[in-house]
Amino acid sequence: MSRAISTQEIPMIYWVPKKASLLLHPLVIFSAVWLGVIGLYSLHLSKLLQYSTQEAVTAVLYVWAPFAGITLFCSALRQFTLLGFPRANRVTTLDLSLVDRRLQGFFILWLMATLIEVIVSGGIPIVWALEHGSKIYTDYGIPSLHGLVNSLLLSIALCRYGIFLLAGRRKDLVIPLFVPIWAILIINRNMLLVTLLQYGVLYLYLKRVRLLRVIQCAIAFLLFVLVFGIVGDIRQGSSDALRMVAQPTDQYPEWLPSGALWAYIYATTPINNLIHTAYTVPPEENILFPNTAATLFPSVVRKIIYGSRSDDAESGNLVVSSFNVSTAYIGPYQDYGYIGMVAFSAFTAFFSQLFWFRTNFRDVLIYSILAQCLVITLFFNHFFALPVITQIVWMFCFFLPEVHLGKQARTMLASS
């Protein structure tokens, strides 16, 4: 298990690899998301859900079955899968003074870039929303730069949170607590969701999974649903506006807060849109997978390469334009139909499984990012989303070079 040792004289922590709970295994996370959405969809609490439960099950099987097959295959042939990606499970040291300097420097860089964005945008979205002006949250930020700036802040926060869990330094909580607040100020629910999911995965990875912690995570999730609804109401103007668009059926419990309806409709409409696209839009059968790869480019470059078609790459043929996400598999389907979905699912399974095998601190942080991506496959393709996946690049920047210690480190740790 991991253990933190830090003193004022030697600002360093020793990382002893630990085996994470099976609750965090890629297949467990993926199954909870995709098999769980079938249960929610089967309730048909919105009139927008126009396809049958059987049709939803069929679509989900094209997503879940290849993922399950690849993860089980990788687990059975673990040594084979790691030939080109060696395991990093040795005792390592983290020089906190060096990491602190790097994180402080990168945070100053974020502050400078954010100040420029605020000046160029003429303010922040929360102020625009409260003033009921003509500007909305999509008017904030500098295209292409904005995603990179957000990615840097998310990376710093996740790293700081991980150090807090190891070393117990309260100062490391400042930025992790600031990020959710900043996400609300710029009315960026995706950033809020990514942040909390990554925190949750990292917390469960570094701490033993006990009943109390599960209850704490459940309470945190309920609070998130409430905040999610509040932010959504701010964006829409009121909760009544949501009900007009979401079209809840007579079976929907009216006493639930708006956040519950937000959560339900956002969890079920993506698979609804995916099925709708599959029925109405023939795949291109393009082995270059242009729709899938489009999000790997900054928005400005993407427009130059793909033009207006880049919008369809992320949304597909929508049932209702207000709910414009169609799972991470909409791009692969548009590229090569169900074969594209199977291929993309296999790719994400293999990539996630590789980092599940790796156990040093940096790669645990990276796995937290990938686990979040697995959850978000229900909505977006974060594996190919630059503002999210570039967090991995930032992690390598924060922790290079790594110091590996063998028997000597183990002896020092045992004697501490």
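The figures follow:
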| quantity | calculated |
| --- | --- |
| Lone qualifier among Arg101, Arg160, Arg170 - being touching an Asp or Glu at 6+ places or on another chain (Cβ under 6 Å), modelled with pLDDT of 85 or more and either surrounded by fewer than 17 Cβ atoms within 10 Å (Cβ to Cβ) or under 19 Å from Leu192 (Cβ atoms) (or both) | Arg160 |
| Any pair with Cβ under 6 angstrom, 6 or more apart, that starts in the stretch 131-155 at a residue that is modelled with pLDDT under 85 and ends at one that is part of a helix (DSSP H, G or I) and buried (at least 22 other Cβ atoms within 10 Å of the Cβ) | Tyr137/Pro125 |
| Check on Ile163, part of a helix (DSSP H, G or I) and either touching a residue at least 40 places away in the same chain (Cβ under 8 Å) or more than 21 Å from Phe396 (Cβ to Cβ) (or both) | yes |
| Pick from the stretch 344-369, criterion of a type in the set (A, V, I, L, M) and touching a residue at least 60 places away in the same chain (Cβ under 8 Å), ranking: farthest from Gln198 (Cα to Cα) | Ala346 |
| Matching residues, the stretch 30-59, being assigned to a helix (DSSP H, G or I) and either acidic (Asp, Glu) or surrounded by 21 or more Cβ atoms within 10 Å (Cβ to Cβ) (or both) | Phe30, Trp34, Tyr41, Glu55, Ala56, Ala59 |
| Identity of the residue in the stretch 243-257, of a type in the set (A, V, I, L, M) and assigned to a helix (DSSP H, G or I), that ends up surrounded by the fewest Cβ atoms within 10 Å (Cβ to Cβ) | Met244 |
| Boolean, Arg189 is under 18 Å from the mean Cα position of the chain (by Cα) and basic (Lys, Arg) | yes |
| Selection count where residues are of a type in the set (Phe, Trp, Tyr) and modelled with pLDDT of 95 or more, scope the stretch 52-80 | 3 |
| Failed criterion for Ile230 (all others in (1) surrounded by fewer than 18 Cβ atoms within 10 Å (Cβ to Cβ); (2) β-branched (Val, Ile, Thr); (3) modelled with pLDDT of 70 or more hold) | (3) |
| Helices (runs of 4 or more DSSP H) (entirely within the stretch 295-391) containing at least 1 residues that are within 18 Å of the chain's Cα centre (by Cα) | 309-315, 330-357, 361-376, 386-389 |
| Selection within the stretch 208-227 - touching a Leu at 6+ places or on another chain (Cβ under 7 Å) and either acidic (Asp, Glu) or modelled with pLDDT of 75 or more (or both) | none |
| Hits in the stretch 258-288 - residues which are hydroxyl-bearing (Ser, Thr, Tyr), buried (at least 18 other Cβ atoms within 10 Å of the Cβ) and closer than 18 Å to Val63 by Cβ | Tyr266, Thr268, Thr269, Thr277 |
| Only listed residue being crowded, with 17+ Cβ neighbours inside 10 Å and modelled with pLDDT of 85 or more, chosen from Gly316, Gly331 | Gly331 |
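Okay, residues lined up against (1) hydrophobic (A, V, I, L, M, F, W, C); (2) assigned to a helix (DSSP H, G or I); (3) touching a Pro at 6+ places or on another chain (Cβ under 9 Å):
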| residue | (1), (2), (3) |
| --- | --- |
| Leu154 | yes, yes, yes |
| Ala157 | yes, yes, yes |
| Ile187 | yes, no, yes |
| Leu192 | yes, yes, yes |
| Leu202 | yes, yes, no |
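The values are calculated or read from the model by the stated rules, or taken from the named source; none is laboratory data. Just so it is clear, the model here is predicted, and its values are computed rather than measured. Positions of Cβ are generated from backbone atoms using ideal geometry, with glycine treated the same way; all protein chains shown enter the neighbour counts.
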